[in-house]
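Bear in mind these aren't lab numbers, they're just calculated from the coordinates by the rules spelled out. Just so it is clear, the model here is predicted, and its values are computed rather than measured. Using ideal geometry, Cβ is built from the backbone for each residue, glycine included, and neighbour counts are taken over all protein chains shown.
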Amino acid sequence: MDRSGLADFLRHRRERLQPADVGLPAGARRRTAGLRREEIAGLVGMSTDYWSRLEQQRGPQPSDQMLAAIARGLRLGLDERDHLYRLAGQAVPRRARHTPHVSPGLMRVLDRLDDSPALVITEAGETLAQNRLATSLFGDHTAHAGLDRSAVHRWFARPEARRPYPEREQPRQARLQVAQLRVATASADPDPLAVRVVESLLRVSPEFAELWHLQEVVTRFDDHKTLWHPEVGEIEVDCQALFTENQAQVLLVLTPRAGTTAAESLRLLGVLGAQAFSSSGA
């Protein structure tokens, strides 16, 4: 572990980021170049003391999981991420097509979205990042583990995962999710999570097996969704999808449709904050 090099790298990258770069308000009388230590610590999900000790060459060697969080919090590109791992004395992650490292380009767009729910998801339906409104609408999708990281798996294995959709919309959403999962497993480099989800659901969900054998294929997301939330009722949104070049990650943005009450409903959700209810796939 190169403590001096790691400290310099973390401090330089923190000072290079501005609050607007990560979706934070600038505030008044900022005396610190770039982000404050407590701000970057909050983005990473560590204590301010932990971050301070790393910058002061006194911290313990960060784990692989912590380094992944630091790379995301600092909005590092892959070359910068690899350098971070080397400085910390950890093995550099393999540059696979399917990686939990969110595309910096998608993160830059996500950071600037505060009036529309937005999520970065994979082909397997795993949420890698989401903004505050998406958490208010769906719950924290990033907290799931194992096969439940996939929204498709939750949809068929956990009935409560369908709550964000009105009952009349659920059959159509089920078919779409299966058709999109088929694309994820049929590529030249299939997502391993998608493959495991299919194997599991074919064993435990007759509904999934029936839809899977329809051989339907969908490569795009809905243009329009009707969602439901227990606090505000139904919300109509249009869907915009921004893919990475290799199509492995997509930023899904849900915007209120003109002439509906959805905009006001989303504003109300922003005030209410995240609700404590089981979440599902978007």
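So here's what we get for this one:
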| quantity | calculated |
| --- | --- |
| 3J(HN,Hα) from dihedral phi, region 225-234, Karplus parametrisation 6.51/-1.76/1.60, rounded to Hz, x for glycine, proline | 9, 10, 10, 9, 10, x, 8, 10, x, 6 |
| Whole-angstrom Cα spans of region 5-89 along principal axes, big to small | 38, 26, 20 |
| Hull volume in cubic angstrom per residue (convex hull over the Cα atoms of the chain) | 137 |
| Charge dipole magnitude, Cβ of K and R +1, D and E -1 - the chain, Cα centre, debye nearest 20 | 880 |
| Given charges at Cβ of Lys, Arg, Asp, Glu: the chain dipole, positive-most of A88, C239, A118 | A88 |
| Where trypsin sites (Lys or Arg not before Pro) in DSSP loops with at most 13 other Cβ within 10 Å are excluded, longest remaining stretch of the chain | 113-219 |
| Compactness of region 104-272 as Cα Rg over 2.2 N^0.38 Å, two decimals | 1.01 |
